[in-house]
Structures are given as C-alpha cells and as structure tokens.
Amino acid sequence: MKKVISLLLCAVLLCGAVIPAWADGGCSCGFSPIIYVGPLGCSPIVRDAGTEEEQTLWKIDTKFLINNLKAVLPAIGKALLTRNTDQLGDALTAFVHASFGDLALDSEGRSKENVTTPELNVPQGSRHGPDSDYYFDYDFRLDPYEHADRLHDFIAQVKALTGHDSVKLKCSSMGGVVLSAYLDKYGHDGVDVIICRCCPLLGTAVAGEAFCGRIELNATALTRYGEDAIPYLETGFADDLIEGSLYALLECLRGVGLIDGLCALGEKLIKDVGAQVFDQALIPIFGTFPGIWAFVPEAYFDDAVRFMKVPAQGGLHDKIFAYRRAMANIKANLTSARNDGVRVCLICGYNVQRTPLVTLWRSTSDGTVDTKYASLGATCGNVKEPLDDSYLSALTDRQYLSPDLMIDASTCALPACTWFVRDWLHCNGNAGIDELFDLVMTKDEVSVTAFEKFPQFLEANDDADTVTPVTGAPDARARLKSFPSFLNLIRFLFSLIKRLA
Ligand SMILES: [Zn+2]
C-alpha cells in the first residue's frame, strides 16, 4: 500500500513539475516573479570548456594566477635587482597576458571562440514568490545591449512559465548596467518593480580614472580601505584576534610612516613600468570589454577613449559607444517607469573608503561605486566628512538632507525612492535591506516616506545584520571602543612614537 501511495505521490509531483500551475490560464497568486540580474562575474568565463585543457579565466582562478606568476618571478627578481625597468615591464606584461590575454575581445567586440560562458542559466520551472527568483547571468565583457536582448527573451520565458504578464527586476551592481540597456531598448512594459542595489548607473570613478591612466596610491586611503574591508574578510576562525591584529598592523605601518614609504615606492613603480603594462597588456585586454566601458562615467569618456586608444570605427568601437545612450537616458527611463506606476527602489551605500588607487579617493562610496553615481545625482560630502558649510547654509529645502549632513538627495533624479545606507560595503548581504525589498515588492506605494522602519537614510549594522535609521554623525569612537584594550595600547604607543619622531 505504501508503495502505491508513494508511486501516486511521485506521479502527482511529476505532473506538478510538468504542468505549470496556471494551466487554466494565468497565475492568481498575486505576486509576479522576480528576475535577479546578477553582478559582474555572475557567470564563469572558461577557456576550452569540456576539454582536458579547460581553464576558468573568470572568476580568477588563484592557482592559475600563481602558476603564471611563478613563471615570471625569476625575471621580475632579476629586473628588480638590476633595476631594469624595461625587463620588469616585460615580465609583468607577460604575466598579465598569460592570465587574462584570452579574455580580450576582437575588433568586432566578440569573444574568442574557445572562450565561453558554458553555464548560462535558462529559466526553468514555474516556482515563484517572495523567496524565489530566476537568476539572469551573462558574460560581463560583452556589449550590455546583447544582454538586454537575452534578458528580453528571458523575461518572456519567465512569463510563459509562471503565467504572469509582468515581472520584477532586481539588479545588483553591474546588473544595473544590463537594466539600463534593457530599459533603453525595450522600455518598462511588463515590468512592475525595479530594484537597483549598489548599481553604477552613471558609472564609477574607479573605471573612469583607470581608463584615463590616473592612478594614485594614497596612504590614508589605503589604510582606511583596509580598515573598512577587514570586517568582511572570511577568516573563519578567531575572527576578532585576526581582525584586531590586522587593524593594529595597518595602524603600526601608518604610524611609523611605512605605508607612505610603500606608497611612494608603488607610485615610482607605476610611473616606471605602468606605461608599458598599460600599453601592452591592460589596454589590449581590458580596453576591449564594452561591459567595462559601461562603468566609465560620462565626464571621463572622451579622455578615456583617447587614452585607451579605441579604434575610430568598427564593431568594437560601435559597441563601446552605444552604451553611452543607455547611460544618458537612464534618469529619464527610470522616471518614466515610476510615472507609469512601476515601483522603483534605488539603494546605495556611502561613507565607505573606496579603492585606494585613484586620485578621486575622497569620493564617498560603498567601496566600489560612488554614491553620486549609484543614486543618480546625490550631492555628497567627501568620504567620512559632512557637506561643506557653504553648501549647507545655502540649502533651503532640507527634506532630503541626511541627519549626518553627508548627503543631499534633493539633487537625485528620483529623490523620493532613493535610499542611502551608511557604512554599507558594496552589495554586502543584509537581512534588514532584504526586508525593505520585501516591502517594495509587496506594497502599492514605494517611497522613502512610506515605510516607518526604512526612512531615506539608514545605517548598516553588520554584526546584527540589520539597518537602522541614521540619527546623526557617525560615532568616531565606536570603532575604537570595540577594540581589545591591548590593541588600543599599541595604537596609543605608536601615535606617541609618531608625535615624538
Ligand atoms: Zn503567481
């Protein structure tokens, strides 16, 4: 009897899997399916997939990288000893080519035939609801409009599978680039919710500066970056001790002036060999990715085109230039979506020290994407600082001013549906923010005044996995207080030494 029941159950389950729930015409659950548009690197890029020589090129395979480095280490050592910068440049160029060279696109902006994304998702099954999504992934190197075309088909398939005539688009980081191209080409018909989580909608200064060759190693930025990123290291055990030791080490290095020294050395190295590595390795590889060009803010674009030696015509040129239209139109496209009743939520981080390699290291960000670019135009103070007194005293409408005086959201394209999270590292998971997304996806009205728990300015509390409203300036002593006291002693000693020196 049990056997019969289990057989029957199997049959029922099988039918359930084959026949979508809406077989009688349309799903009545009231919750349209979520499509999650993933970030950069959401799908692995593989050389010679399925063969014995298969090699993952992205995400970077550490073993592959180390092997490539081993191959050039003797040459690097020799070049450093003899202070031969040409040889050093050659060795570094060889290393970059061995590790990333096969990722380069051709003059039409196409991948090498043996370099592919073999695991791209196809929508499957009809399961949908607040806790389940269809994952849209893509090859981040390619033209975002190619992804837009694929997303268009993907949306149609999800609608057919679930019996809904609309979908929710939830985009993380580079997912916003795909969204921008999609809205520009296909509009927002059949989309009822748009969420942009840390998306470089107007680019990111790091890409702009790097593609213009503006590299700067700054000691303060490097230390702050280390400190802001350390809590997210997955050390796995004895976290406090390791974190504490790293903080102390960073502080010691800064205290005795070593970081400045290292930075100066690094800068000299960049000056000496940077031009060669840029010309022979970085430009011919990374300069051929229209997907990375999509991160270059408008203000940098013309300079970057010159610096990166973009060909004057051809398929690659056209693809690199095409995305400018999506970026130029994103404010209008999202505004029109919201005016037509699409529930829009833009959310971005601020007050995290950004990648310390560029001259604009003071620009407040989530560590990767500048707050002003992710928020479509917020006016921001420098990282860790409030807006200028002159700006604040001239500001008459303070409705969209953050309580810590760091952000004025009134200059955003969509100030009423743009949230800011202080100390939120780029795309870090946070249950509190997920709770906000649940409200955005289920409530009729979406705005920064609609949800009591989620006003416009929030603060990420990573230990508690929550966000709380910002009430004032960050407590500079809070971090210090949380350190073990012996580390504070070390800090004190080093600050003393520094003052005496
Ligand atoms: Zn449904």
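The values are calculated or read from the model by the stated rules, or taken from the named source; none is laboratory data. Note that the coordinates shown come from a computational prediction; the quantities given were computed from them, not determined experimentally. Virtual Cβ from ideal backbone geometry, glycine too; neighbours counted across all protein chains shown.
Taking the conditions exactly as written (surrounded by 18 or more Cβ atoms within 10 Å (Cβ to Cβ) and at pLDDT 95 or above), does Val96 satisfy them or not? Criteria not met by Val96. Scoring Pro20 on the criteria (1) modelled with pLDDT of 95 or more; (2) within 16 Å of the ligand (Cβ to nearest atom) leaves a single failure, condition (1).
The strands (runs of 3 or more DSSP E) found entirely in segment 25-68 that carry 2 or more residues being within 16 Å of the ligand (Cβ to nearest atom) are 34-37.
Looking only at residues that are under 15 Å from the mean Cα position of the chain (by Cα) and in a strand (DSSP E or B) in segment 172-216, which one is surrounded by the fewest Cβ atoms within 10 Å (Cβ to Cβ)? The extreme case among them is Ser172. Output the residues belonging to segment 406-445 that are small (Gly, Ala, Ser) and closer than 25 Å to Asn339 by Cα. The answer is Ala409, Ser410, Ala413, Ala416. Quick one: in segment 125-179, which of the residues that are over 30 Å from Thr288 (Cα atoms) and of a type in the set (Asp, Glu) is nearest to the ligand (Cβ to nearest atom)? Filtering segment 125-179 for residues that are over 30 Å from Thr288 (Cα atoms) and of a type in the set (Asp, Glu), the one nearest to the ligand (Cβ to nearest atom) comes out as Asp165. Scanning segment 76-93 for residues that are closer than 14 Å to Val273 by Cα and either assigned by TED's automatic domain parsing to the domain that holds Val273 or surrounded by 13 or more Cβ atoms within 10 Å (Cβ to Cβ) (or both) yields Ile76, Ala79, Leu80, Asn84, Thr85, Gln87, Leu88, Gly89, Asp90, Ala91, Leu92, Thr93.
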